[in-house]
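Participant: Before we start, here is the structure in question, set down as structure tokens.
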Amino acid sequence: STDDEALNLNVARFTADSAARATIAADYETGGNIASPLVTLHTLHDPLAPYWHVQRLQVKVEAQGRTALHYHREVDAQGHCAFSSSHVLGAFNKLIDMVESRQQQIYLPAILH
């Protein structure tokens, strides 16, 4: 704008509905207690979903002791989901590796007994 102060003074202000906030906290907030392998990709310069979102998830996953189930790859790119096909394929291959490794950890000891 040509006058940011006037714009800020005249912009409409809203208060969040308490029931809506409670629903979001109960049903839409990640907890980090993942049960299956999870691979995340996130662009560093995403104007729609800030990078701190994935950092917050990583803290929650660590607090739950589930870091072995989570792998994150940051992508130094501008834009929302601005991944190349090699980024996506690499993430998918990492997920396959994580699933296969987990299956070996679960099933191999049972076979050896």
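Participant: If a helix is a whole DSSP H run, which ones in the chain reach 18 Å or further along their own axis (Cα) and hold a mean Kyte-Doolittle hydropathy of at least -0.5?
Facilitator: Helices passing the filter in the chain: 85-112.
Participant: Further question on the same structure: With a 1.4 Å probe and all protein chains left in place, how much accessible area per residue does the chain have, in Å²?
Facilitator: 77 Å²
Participant: Mind listing the long-range amide H neighbours of residue 66? Cut-off is under 5 Å, sequence gap 5 or more, other chains count too, H placed in the peptide plane at 1.01 Å from N.
Facilitator: When sequence neighbours closer than 5 places are left aside, there are no close amide H contacts.
Participant: Taking all protein chains in place and a 1.4 Å probe, what share, in percent, of the accessible surface of the chain do carbon and sulfur account for?
Facilitator: Accessible surface attributable to carbon and sulfur in the chain totals 55 percent.
Participant: Take residue 96 and residue 81, extend 7 Å from each Cα along the Cα→Cβ direction, and tell me the distance between the two endpoints in nm.
Facilitator: 2.2 nm
Participant: Please give the net charge around residue 11, taking every other residue with its beta carbon less than 14 angstrom from that of residue 11, where Lys and Arg add +1 and Asp and Glu add -1.
Facilitator: -2
Participant: In the range 12-105, which chymotrypsin sites (Phe, Trp or Tyr not before Pro) are in a loop and have at most 10 other Cβ atoms within 10 Å, using DSSP for the loop call?
Facilitator: For chymotrypsin sites (Phe, Trp or Tyr not before Pro) across the range 12-105 that sit outside H, G, I, E and B with at most 10 neighbouring Cβ atoms in 10 Å, the list reads 14, 28.
Participant: Dividing the convex hull volume of the alpha carbon atoms of the range 6-107 by its residue count, what do you get in Å³ per residue?
Facilitator: Considering the Cα atoms of the range 6-107, their hull volume per residue is 135 Å³.
Participant: Sticking with this one: Given 0.36 nm per residue, what is the gain on full extension from residue 36 to residue 89 after removing their alpha carbon distance, in nm?
Facilitator: Here the answer is 17.2 nm.
Participant: Another question about this same structure. So, in nm, how far is label residue 18 from label residue 64 when the simple model puts each one 7 Å beyond its Cα toward the Cβ?
Facilitator: 2.9 nm
Participant: Note down the net charge around residue 29, summing +1 for each Lys or Arg and -1 for each Asp or Glu among other residues with Cβ under 13 Å from its Cβ.
Facilitator: Neighbour charge sum, excluding residue 29 itself: +2.
Participant: Would you please give the FRET efficiency between residue 11 and residue 73, computed as 1/(1 + (r/R0)^6) with r the Cβ-Cβ distance and R0 = 35 Å, to the nearest 0.05?
Facilitator: Plugging the Cβ-Cβ distance into 1/(1 + (r/R0)^6) gives 0.40.
Participant: Give me the dipole magnitude in Debye, nearest 20, for the range 6-113 about the Cα centre, with unit charges on the beta carbon: positive for Lys and Arg, negative for Asp and Glu.
Facilitator: I would put it at about 140 debye.
The values are calculated or read from the model by the stated rules, or taken from the named source; none is laboratory data. Quick caveat: nothing in here was measured; it's all calculated off a predicted structure. We place every Cβ from the backbone using ideal geometry, glycine too, and count neighbours over all the protein chains shown. For accessibility, only protein heavy atoms count, side chains too; no ligands or nucleic acids. Shrake-Rupley method; radii C 1.70, N 1.55, O 1.52, S 1.80 Å.
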